[in-house]
1. Among 24, 111, 77, whose mean-square fluctuation peaks in a Gaussian network model of the chain (Cα, cutoff 10 Å)?
2. Once the principal axes of the Cα atoms of the range 26-69 are found, what is the range along each, listed largest first in whole angstroms?
3. Could you look at the range 45-178 and say what percent of its accessible area is carbon and sulfur, using a 1.4 Å probe and all protein chains?
4. Normalised by the residues of the chain, what does the relative contact order come to in percent, with Cα pairs under 8 Å and at least six apart?
5. Relative to the Cα centre, what is the charge dipole magnitude of the chain, using +1 at the beta carbon of each Lys and Arg, -1 at the beta carbon of each Asp and Glu, and rounding to the nearest 20 debye?
6. Rounded, prolate or oblate for the chain? Axes are the square roots of the Cα gyration tensor eigenvalues, ordered a ≥ b ≥ c, and the cut-off for rounded is a/c under 1.5.
7. Among 147, 122, 7, pick out the residue whose Cα is farthest towards the positive end of the charge dipole of the chain, where Lys and Arg carry +1 and Asp and Glu carry -1 on C-beta, about the Cα centre.
8. Apply the a/c threshold of 1.5 to the C-alpha gyration tensor of the range 13-99 and tell me whether it is rounded, prolate or oblate.
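The values are calculated or read from the model by the stated rules, or taken from the named source; none is laboratory data. Just so it is clear, the model here is predicted, and its values are computed rather than measured. Positions of Cβ are generated from backbone atoms using ideal geometry, with glycine treated the same way; all protein chains shown enter the neighbour counts. Side chains are part of the model used for accessible areas, which takes the heavy atoms of the whole protein and leaves out ligands, DNA and RNA. Shrake-Rupley method; radii C 1.70, N 1.55, O 1.52, S 1.80 Å.
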Amino acid sequence: VIVTFLPRIVLDSIFAVLRKVGLEAVNLTLEPISAMNAIIPPEMRRLNIVLVDIGAGTSDIAISRDGVVFAYGMVPEAGDEITEAISHHLLVDFSTAEKIKRALETSEQVEYDDIWSRKHRINTRDARCLLSDAVRKLAGSIAKSGVELNGAAPSAIVLVGGGSLTCNLIEELSLSFN
């Protein structure tokens, strides 16, 4: 039996929405376990895999071994920390920082207006350098939690969620888990 405790208001809200649309809950599970079940085929769950669902505010972890998800956890850091680092370094609002973050993997340069409406252009390679500490910190937090839950470095790491597209995160995670 796996039990997790959610605030009553969260459960009440979920069930109210389901009732409103004529549906009935049969089962509740945690996001990283759902992602593991949706993405990793059952035969691959025999491997020791750490799946990390990196969202805006949290990075949720599910770990498989011997065919089952045996551990899960949450790191209270995710994509918003990277967006905030952009906001801090480039003096832009959160919305502009989010647009810049998304452009880092698809453009060579990004144009933006700072908080004083001054126009700027930054090479994405330079922007990635500005973010290296924030990305390294996020990767370190995820790896620390993953190793604590797993007891050792895993055989593989699978990233899902919008935050998984963070520039240089995969490289930093591979260094942090070793």
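1. Highest fluctuation among the options: 24.
2. 30, 26, 13
3. Details: 3590 of 7000 Å².
Roughly 51 percent of what the probe reaches on the range 45-178 is carbon or sulfur.
4. Details: 267 pairs, mean separation 38.2, N = 178.
Computed value for the chain: 21 percent relative contact order.
5. On the way: 17 positive and 23 negative charges, 37 e Å.
So the dipole magnitude of the chain works out to roughly 180 debye.
6. Because a/c hits 1.5 or more and a/b fails to exceed b/c, the chain counts as oblate.
7. 7
8. The shape class here is oblate.
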